1. Give me the pairs: first residue in the stretch 5-29 and more than 16 Å from the ligand (Cβ to nearest atom), second residue modelled with pLDDT of 95 or more and open to solvent by less than 10 Å² (accessible area, probe 1.4 Å), beta-carbon distance under 6 Å, and six or more apart or on different chains, which are they?
2. Give Y43, Y52, Y34 a once-over and let me know the one that is more than 23 Å from M153 (Cα to Cα) and of a type in the set (F, W, Y).
3. Answer yes if at least one residue in the stretch 82-95 is within 15 Å of the ligand (Cβ to nearest atom), open to solvent by less than 10 Å² (accessible area, probe 1.4 Å) and not polar (S, T, N, Q), and no otherwise.
4. Please specify each residue of the stretch 157-204 satisfying the condition of being without any contact (Cβ under 8 Å) to a residue 40 or more places away in the chain and closer than 19 Å to D37 by Cβ.
5. Would you check which residues across the stretch 67-105 are closer than 14 Å to F10 by Cα, part of a loop (DSSP other than H, G, I, E, B) and over 14 Å from the mean Cα position of the chain (by Cα) and list them?
6. Against the condition more than 25 Å from L199 (Cα to Cα) and surrounded by fewer than 24 Cβ atoms within 10 Å (Cβ to Cβ), how does D45 come out, does it pass?
7. Please specify each residue of the stretch 205-235 satisfying the condition of being more than 22 Å from T106 (Cα to Cα) and touching a residue at least 60 places away in the same chain (Cβ under 8 Å).
8. Just the residues that are aliphatic (A, V, I, L, M) and either surrounded by fewer than 15 Cβ atoms within 10 Å (Cβ to Cβ) or more than 15 Å from the ligand (Cβ to nearest atom) (or both), please, taken from the stretch 100-109.
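The values are calculated or read from the model by the stated rules, or taken from the named source; none is laboratory data. Predicted model only: the values in this text are computed from it and were never measured. Note that each Cβ is placed from the backbone with ideal geometry, even for glycine, and that neighbours are counted across all protein chains shown. Heavy atoms of the whole protein, side chains included, go into the accessibility calculation; ligands, DNA and RNA do not. Shrake-Rupley method; radii C 1.70, N 1.55, O 1.52, S 1.80 Å.
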Amino acid sequence: MNPQNAIGIFDSGFGGLTVFKSIAQKLPDYNYIYLGDNARSPYGDHSFETVYQYTLECVEWLFQQGCPLVILACNTASAKALRNIQQLDLPKKYPNHRVLGVIRPTAEVIGNFSQSKHIGVMGTRGTVNSNSYPIEIHHFFPSVEVHQQSCPMWVPLIENGEHLHAGADYFVEQYIHQLMHQSADIDTILLACTHYPLLVPKIETYLPEKVRLIAQGDIVANSLTDYLQRHPEIEGKLAKTRQRIFYTSGEVSVFDQHASVFLEEEISSLKIKI
Ligand code: DGL
């Protein structure tokens, strides 16, 4: 049975678990329903229309499970679908529901991490080509230079469970090298895809010493905490009975294996057809 009035956490696959982990640590009392659309992942190379359609389907499914609030724990979906969902779908069909993304809360603070004011942003092709990060970061930090690098092989490596094996090294080194080649002044790298923290042990191997790596989990968790304080009308709809449930559109056994290792607890997910 689904937890009632839960916060919905959505990602194309496993990546959102990196955000879920931080949110659940920071806000342990709430109920959560996680949905990974592993069957249709990666989203990174899909068109705007496809990412919007898939994301909306998943958000609507989470609404049907009783979630008043859904977090798009996916940069690609936040870049390509969030605006349409917030401006078109919610007002028309779900005026009492809310959907939040991960790009804006990250852009609001990322400039504070850099001394040199040169920030590297690593993301999927969809996120990078959308230019969402340079645009949003410049709102808050006009003097920061943003250098972007798409890493199209990283999500497939993670979704296929190859990310910590030797084969991943080639693509990790290659994308770090290509990013650092853009500017030697980069002192901060944002992992602008929620899957990438799963690759951190490898990424750190190839990272120049002076460069700091920033993942989004804690940033998004802090921003959600702040949001709930500022929006009692939404917070009041959420139940706090500490229940969690995980759904995947992919293979349950694969999801359980990855999720259990990453979350360091036994996960038994359920399969859905979207
Ligand atoms: N976790 C998603 C993100 O943050 C990965 C996208 C994909 O499926 O390619 O962008």
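1. Cβ pairs passing all conditions: A6/N31; A6/Y32; A6/I33; A6/C67; I7/Y32; I7/L69; K26/A221.
2. Working: Y43 fails: more than 23 Å from M153 (Cα to Cα); Y52 fails: more than 23 Å from M153 (Cα to Cα).
Of the residues listed, the single one that is more than 23 Å from M153 (Cα to Cα) and of a type in the set (F, W, Y) is Y34.
3. Of the residues in the stretch 82-95, the ones within 15 Å of the ligand (Cβ to nearest atom) are 82.
Going one step further and asking which of them are open to solvent by less than 10 Å² (accessible area, probe 1.4 Å), we end up with none.
No; the residues of the stretch 82-95 include none that is within 15 Å of the ligand (Cβ to nearest atom), open to solvent by less than 10 Å² (accessible area, probe 1.4 Å) and not polar (S, T, N, Q).
4. Residues satisfying the conditions are N160, H163.
5. Across the stretch 67-105, the qualifying residues are C67, P68.
6. Details: more than 25 Å from L199 (Cα to Cα): no; surrounded by fewer than 24 Cβ atoms within 10 Å (Cβ to Cβ): yes.
Taking the combined requirement at face value, the residue does not satisfy it.
7. Within the stretch 205-235, none qualify.
8. Step one: list which residues in the stretch 100-109 are aliphatic (A, V, I, L, M), which gives 100, 102-103, 107, 109.
If the condition is that a residue be aliphatic (A, V, I, L, M) and either surrounded by fewer than 15 Cβ atoms within 10 Å (Cβ to Cβ) or more than 15 Å from the ligand (Cβ to nearest atom) (or both), then V109 is the only one that fits.
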